[in-house]
Structures are given as C-alpha cells and as structure tokens.
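Here's the structure we're looking at; comments come further down.
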Amino acid sequence: MNDGVRMRSADQELLDSNESNQIEIDLLLEAIFRKYGYDFRNYAKATLNRRLSHLMEITGMSSYSEMTHRLLFDQAFFEIVFEELTINVTEMFRDVEFYKILRQEVIPELRTWPSLKIWVAGCATGEEVYSLAILLKEEELYHRSQIYATDINKTALLKASQGIYPIEKMKQYTQNYHRSGGGDSFSKYYTAQFGGALIDSSLKSNILFSAHNLVTDSAFNQMHLICCRNVMIYFDSELQKKVVRLFSNSLLPSGFLGLGKNERLLDLEESRFKTRFNSDVKFYQIQREHGK
Ligand SMILES: C[S@@+](CC[C@H](N)C(=O)[O-])C[C@H]1O[C@@H](n2cnc3c(N)ncnc32)[C@H](O)[C@@H]1O
C-alpha cells in the first residue's frame, strides 16, 4: 500500500469514528429528553460535545453509550450530566458596558412607564439579577419593578434565591460595580454572614425566582425589559430563532431585549426588533406596529 492510500484510510477512519461519536451523542440527548424532559437536542454541537467529552474524561467512562445507559438508570448521575450541560458561570456586573448602557440609555426610557415588569432569563445563581436590582434601586425604580428571574437549573435557582456569594469575590464585584457607573459604596448591598456575602434583603423583595425552560415553556406577558445574556450562545441557530420569537411575544411594544457581549439577533428583518444604541452592547427594541 502506498502512503497516499494509507493516509486516505486513516482520514476515513477518523471521519467514521467522529460520525459514530455524533450518533452516540444524539442518542444520549434523545435519552435525556425522553426520560427527563430536558431538551438539549438543539444546543450548539461544539459546546455540547466539549462538555460531554470532558465529562467522559473525569468519570473515566469509555463511551457515550455507557454514559447514556448510566444516566437512564441512575438519576444522581443524570444530575451530574445536567450540571455539566447547563453552564452556570456568571458574576455581578458582568460586562460593565452592558450596565453603563442600561443606566444611561435604557433606564430613561423605562422610567416613562408607571410600573415595570422585567424578566431575567437564564439568571443562573442570581448575580446578574441582584446587579440589576442594585441599578434599579439607585435609579429609584426598584420599588415599582417586578423582576422575574428564571433558569432551567433548579439548584442554581436555589442559590440565587439565597443570595449568598463567596466573600472573596466581592473585591472584583466592587470594581465591576464602579466601572459600570455605580457611584455608591458597594458594601452597603451585602453583609458578611454564613461564611459568605449575604445580599441585602431589600434587594430581594421584588424578585420572583422560578424554573422556566426557554426551549419548552411558554411566553411571559407584557414585559418592559428582558435580559437574556450568555444563554442563547449555547443554542443552535434554529433554537435561537425560536427563543427570539418567545421574547418577541413576551415584550410590550417598545419593550427592550438585552443580550450578552457575543450575542446578536440573526435575522432582524424578519423579527419585530430593531437595534438600539450605537454600541458593542446589544439592546433591541420591539417596534411599534403601524397605527398603534
Ligand atoms: C452562562 S449562564 C449565564 C448567566 C447570566 N445570564 C450571565 O450572563 O452571567 C447560562 C445559564 O443559562 C441557563 N440555561 C441553559 N439552558 C436554558 C434553558 N433552556 N432555559 C433556561 N435557562 C437555560 C443555564 O442553566 C445557566 O444558568
């Protein structure tokens, strides 16, 4: 056999094994959906595959089929897989530019409404929603706001409702807060308790935490602002479109949608959204329909 032929067959073997791996992963996602009702089938493949391959490494399993079998018959193992697939990384005042634009550009428009309904979708362990609560309080809008903070991951939501964060993170969060335009003393928003930083209860009173799955659950009603940051980046383009429709149906005319730093709306011309503010931070607004 000459080198050319040998090379082609090695390439072919790799292709075959990648294809077989992908079939095994598709079957694993199907098994999760049918057994537990969580639908990861339209999440972006690259991230999903990376997370599952990492899991295989740390669990020492030899194949995705073995993983499928285990998660079908062992709920505790499924929960480990679920934690790996729902990436809960977050921080307070993450991407400070977002909060700058929110404070300077969006808040003046939100202020014109007598009361506000805000949905933080994919709130993870709550750092983002408390950042928003602080900003609203400083802008004297918190008392007339109702915030719905949702996530697919109930363990993360429980942490969010407790609002206790590692004290050593407060230094970085204080810097983020000031860089985002916060002018107060950040330490007034938490007390050192339970070995961590406990968020002040006055910031919790108007927040409702609840489980909600963006893939399978229905729309919320009449929102003025939706923040969904660093969530849709894990979805494929079809699922992104579906979730954008859900947001479009959940917002009032002129309501705002704020996305993460690396997220964009794909087909603006087909949606009811228009881009607002000439900035790297992406805020979109529902266009008023003619005659309304
Ligand atoms: C990377 S975190 C983003 C947290 C926060 N929004 C931020 O920007 O810091 C992504 C969150 O999306 C949640 N998530 C993933 N899929 C979801 C779905 N289908 N419905 C609701 N939340 C989902 C995950 O559980 C996770 O908490």
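Only the coordinates and a few stated rules stand behind these numbers; no lab work does. Every value quoted in this text rests on a predicted model; they were computed, and no experiment measured them. So basically every Cβ, Gly included, is an ideal-geometry build from the backbone, and we count neighbours across all protein chains shown.
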inquiry  = Name the single residue that is nearest to ALA211 (Cα to Cα) among those in segment 97-124 being among the aromatic types (Phe, Trp, Tyr) and under 21 Å from the mean Cα position of the chain (by Cα).
reply    = TRP119
query = Counting only residues that are aromatic (Phe, Trp, Tyr) and part of a helix (DSSP H, G or I), which one in segment 55-97 is nearest to the ligand (Cβ to nearest atom)?
reply = PHE82
inquiry  = Every residue in segment 226-251 that is away from the ligand (no atom under 13 Å from the Cβ) and under 13 Å from PHE273 (Cβ atoms), please.
reply    = LYS241, VAL244, ARG245, SER248, ASN249, SER250, LEU251
remark   = Pairing a residue in segment 154-173 that is more than 27 Å from TYR38 (Cβ to Cβ) with any residue that is part of a loop (DSSP other than H, G, I, E, B) and among the acidic types (Asp, Glu), where Cβ atoms lie under 9 Å and the two sit 6 or more apart in sequence or on different chains, gives LYS169/GLU91; GLN172/GLU91; TYR173/GLU91
ask   = How many of the residues making up segment 242-263 are surrounded by fewer than 20 Cβ atoms within 10 Å (Cβ to Cβ), among the hydroxyl-bearing types (Ser, Thr, Tyr) and touching a residue at least 40 places away in the same chain (Cβ under 8 Å)?
value = 1
task = Would you check if ILE32 is in contact with a strand residue (DSSP E or B) (Cβ under 6 Å, 6 or more places away or on another chain) and not charged (D, E, K, R)?
result = no
task = Would you be able to say whether some residue in segment 98-115 is of a type outside the set (S, T, N, Q), buried (at least 16 other Cβ atoms within 10 Å of the Cβ), part of a helix (DSSP H, G or I) and within 11 Å of the ligand (Cβ to nearest atom)?
result = yes
ask   = ASN21 fails exactly one of the following numbered conditions: (1) touching a residue at least 12 places away in the same chain (Cβ under 8 Å); (2) within 16 Å of the ligand (Cβ to nearest atom); (3) part of a helix (DSSP H, G or I); (4) not hydroxyl-bearing (Ser, Thr, Tyr). What is the number of that condition?
value = (2)
task = Could you grab me the full set of residues in segment 232-241 that are in contact (Cβ under 8 Å) with a residue 60 or more places away in the chain and either under 22 Å from LEU252 (Cα atoms) or assigned to a helix (DSSP H, G or I) (or both)?
result = ILE233, TYR234, GLU238, LEU239
query = Considering only helices (runs of 4 or more DSSP H) fully contained in segment 127-201, which possess at least 2 residues that are more than 16 Å from the ligand (Cβ to nearest atom)?
reply = 127-138, 170-179
